[in-house]
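A short write-up of the structure that comes next.
The values are calculated or read from the model by the stated rules, or taken from the named source; none is laboratory data. Not measured: the values here are computed from a predicted model. For neighbour counting, all protein chains shown are included, and Cβ atoms are generated from backbone atoms with ideal geometry for every residue, glycine included. Heads up: the accessible areas ignore ligands, DNA and RNA and are worked out on the full protein's heavy atoms, side chains in. Shrake-Rupley method; radii C 1.70, N 1.55, O 1.52, S 1.80 Å.
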Amino acid sequence: MKFKICENYKIWFGISSAIIIIGLIVAIASGLNFGIDFTGGTMMQFDMGREFNVEEIQEVLAPYELDADVIHAGSENHEVIIKTKVNLSNAERIEIFDSAKEAFGIEDSAFGQTEQFGPTIGDEIKEKALISILLASIGMLMYVTFRFEYKFGVSAIIALMHDVLIVMAIYSIFRIPVNSSVIAAILTIVGYSINDTIVVFDRLRENIKYINKKSHFEVSDISIRQTLIRSLNTSLTTLLVIGSLYVLGVESIKEFALPLLAGVITGTYSSIFIASPVWAIWKNRESKKHSYKAA
């Protein structure tokens with residue numbers, strides 16, 4: 001007996017709704033854990049003169065309770081960038097550098113640049129990100145409507161919004177810092193997710209022409225099964241690459257790779273368990289409505 005994906009849509013919708021609602025509750029109660037790009041703070045950069053581990057720097061910073069992000073920099077990863085939400089005075093920054101100088105034996109000339117900035121850049125990033133997602137959604141809706149039909153387009157956009165909300169819910173629940181890399185990753189996810197959805201919809205459109213005696217749920221299930229291996233292979237290949245970046249990359253790369261990992265998994269899930277069921281429900285209700293009118 002073949003597993004019915006679309007007819008069990010209440011299960012998939014329930015799982016997604018639960019994650020989004022929990023994330024929303026946590027976000028309302030505690031707020032998102034915005035990084036320095038959104039909250040403002042202080043950035044310092046030192047030349048360590050050698051390779052180093054992030055843990056070494058964190059040990060030196062521990063007494064100051066900065067909750068700082070430590071990032072490798074420079075062509076040979078000999079430089080360190082320290083980002084903290086705390087607004088440090090010039091004297092405090094010099095004190096931190098003196099602690100690093102004493103711990104690692106670096107010279108006074110190793111003190112590179114330092115910068116203190118407010119949250120205005122974060123407001124600008126958030127505004128432009130929302131505009132970008134809105135414009136991308138409108139463009140995708142127009143494209144899918146032109147290639148397929150309006151119901152396919154709306155279903156695809158619902159799946160995209162689902163992906164964004166799920167990723168943000170994960171960041172909210174696990175208190176993962178949200179920074180500019182996350183925004184860039186979400187915009188990438190929006191572009192990636194629509195690809196799998198269009199593949200399923202393309203097969204669904206072809207099957208509608210030749211399968212006339214089955215319900216929209218059954219046609220959707222057939223289309224999903226026919227494209228399932230292709231979707232899984234594409235996603236697994238992508239996950240292997242992004243997973244390698246996350247495991248082997250430096251902190252700045254990990255900040256970008258983590259939301260991509262969550263987004264690829266969520267995008268594959270929504271293409272199968274969200275987009276097609278939404279279309280099938282819509283078409284099924286439309287068919288029933290026409291049947292009632294005919295009767």
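Pairs meeting the criteria (first residue in region 61-83 and over 17 Å from A110 (Cα atoms), second residue of a type in the set (S, T, N, Q) and open to solvent by less than 60 Å² (accessible area, probe 1.4 Å), beta carbons under 6 Å, at least 6 apart or on different chains) are L66/T84; A68/T84.
Checking each residue in region 70-107 for being acidic (D, E) and either modelled with pLDDT under 80 or in contact with a Phe, Trp or Tyr (Cβ under 6 Å, 6 or more places away or on another chain) (or both) picks out only E76. Could you say whether any residue in region 202-215 is of a type in the set (D, E, K, R), over 25 Å from R285 (Cβ atoms) and within 27 Å of the chain's Cα centre (by Cα)? No, that holds for no residue. Looking at region 143-162, can you tell me whether even one residue there is out of contact with any helix residue (DSSP H, G or I) (no Cβ under 6 Å at 6 or more places or on another chain) and under 17 Å from T268 (Cα atoms)? Yes: region 143-162 contains one or more residues that are out of contact with any helix residue (DSSP H, G or I) (no Cβ under 6 Å at 6 or more places or on another chain) and under 17 Å from T268 (Cα atoms). Here I28, I133 are screened, and the one residue that is modelled with pLDDT of 85 or more, closer than 29 Å to T188 by Cβ and under 26 Å from the mean Cα position of the chain (by Cα) is I28.
Taking the conditions exactly as written (within 28 Å of A29 (Cβ to Cβ) and touching a Leu at 6+ places or on another chain (Cβ under 9 Å)), does I189 satisfy them or not? When the stated conditions are applied, I189 passes them.
Just a yes or no: is a residue in region 175-192 within 30 Å of E127 (Cβ to Cβ), more than 18 Å from the chain's Cα centre (by Cα), at pLDDT below 85 and surrounded by fewer than 15 Cβ atoms within 10 Å (Cβ to Cβ)?
Restricting attention to region 175-192, the residues satisfying the condition of being within 30 Å of E127 (Cβ to Cβ) are 175-192.
If we keep only those that are more than 18 Å from the chain's Cα centre (by Cα) too, we end up with none.
Looking through region 175-192, none of the residues is within 30 Å of E127 (Cβ to Cβ), more than 18 Å from the chain's Cα centre (by Cα), at pLDDT below 85 and surrounded by fewer than 15 Cβ atoms within 10 Å (Cβ to Cβ).
Scanning region 203-235 for residues that are closer than 22 Å to D163 by Cβ and either of a type in the set (A, V, I, L, M, F, W, C) or without any contact (Cβ under 8 Å) to a residue 40 or more places away in the chain (or both) yields a total of 11. What's the number of the only condition in (1) within 27 Å of V167 (Cα to Cα); (2) modelled with pLDDT of 85 or more; (3) not in a helix (DSSP H, G or I) that K4 fails to meet? Here K4 clears every test but (2). Checking I71, I96 one by one, the residue that is among the hydrophobic types (A, V, I, L, M, F, W, C) and part of a strand (DSSP E or B) is I71 and no other. Quick one: would you say I253 is modelled with pLDDT of 90 or more, open to solvent by 50 Å² or more (accessible area, probe 1.4 Å) and in contact with a Leu (Cβ under 9 Å, 6 or more places away or on another chain)? Answer is no for this residue.
Taken over region 31-78, the residue count meeting the criterion of being under 22 Å from the mean Cα position of the chain (by Cα) and among the β-branched types (V, I, T) is 4. Listed by first and then second residue, the pairs with beta-carbon distance under 6 Å, at least 6 apart or on different chains, first residue in region 170-185 and within 17 Å of S132 (Cα to Cα), second among the charged types (D, E, K, R) and modelled with pLDDT of 80 or more, are S181/E255. Taken over region 65-81, the residue count meeting the criterion of being in contact with a helix residue (DSSP H, G or I) (Cβ under 6 Å, 6 or more places away or on another chain) and open to solvent by 30 Å² or more (accessible area, probe 1.4 Å) is 0.
Against the numbered list (1) acidic (D, E); (2) surrounded by fewer than 17 Cβ atoms within 10 Å (Cβ to Cβ); (3) assigned to a helix (DSSP H, G or I), D163 comes up short only at (2). For the residues L32, L24, the requirement of being in contact (Cβ under 8 Å) with a residue 60 or more places away in the chain, open to solvent by 30 Å² or more (accessible area, probe 1.4 Å) and in a helix (DSSP H, G or I) singles out L24. Can S276 be described as open to solvent by less than 80 Å² (accessible area, probe 1.4 Å), touching a strand residue (DSSP E or B) at 6+ places or on another chain (Cβ under 6 Å) and part of a helix (DSSP H, G or I)? Criteria not met by S276.
Summed over region 204-230, the residues that are open to solvent by 30 Å² or more (accessible area, probe 1.4 Å) and part of a helix (DSSP H, G or I) give a count of 13.
Taking the criterion of being of a type in the set (D, E, K, R) and surrounded by 11 or more Cβ atoms within 10 Å (Cβ to Cβ), the residues of region 44-58 that qualify are D47, R50, E56.
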